[in-house]
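In what follows, a structure is listed as structure tokens, so that the remarks can point back to it.
The values are calculated or read from the model by the stated rules, or taken from the named source; none is laboratory data. These numbers come from a predicted model, not from an experiment. Don't worry about glycine lacking a Cβ; one is built from the backbone with ideal geometry, like all the others, and counts go over all protein chains shown.
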Amino acid sequence: MDLRKVYGGTPVGNESRCDTCSYARIITGYSERERIVFCDYAYPSVSIPFKVYECSDYADKRLPRLDDLKKVALAVEVRGRAAGFRESVSTTSLLVQDDDEE
């Protein structure tokens, strides 16, 4: 039985990050080999001749934009007490007692 493990080898899956990036401009032909990818993040656009595994400028186009999220957000009004965290009275008294002992 072979127990060797290869770290950093060929990743599982063969999808390119450019397929779901909002900065990618992809031109696809009829066969799989007929494909041109341009990255529009840089100026002038850069041609990418290989499938990208990781990119530091990646922006997922499947996620909603902030403006879209603000349009569907609900306004929350607080009535009565103020919202948030309050410090407990027992915690404050414990801190005062510790200072007195020193």
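Structure data summary
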read-out	value
Boolean, Arg62 is modelled with pLDDT of 70 or more and assigned to a loop (DSSP other than H, G, I, E, B)	yes
Cross-chain or 6+ apart pairs with Cβ under 6 Å, segment 37-54 first and touching a residue at least 24 places away in the same chain (Cβ under 8 Å), then of a type in the set (Ser, Thr, Tyr)	Lys51/Ser16; Val52/Ser16
Candidates Tyr30, Tyr41, filtered to the one that is at pLDDT 90 or above, over 26 Å from the mean Cα position of the chain (by Cα) and part of a loop (DSSP other than H, G, I, E, B)	Tyr30
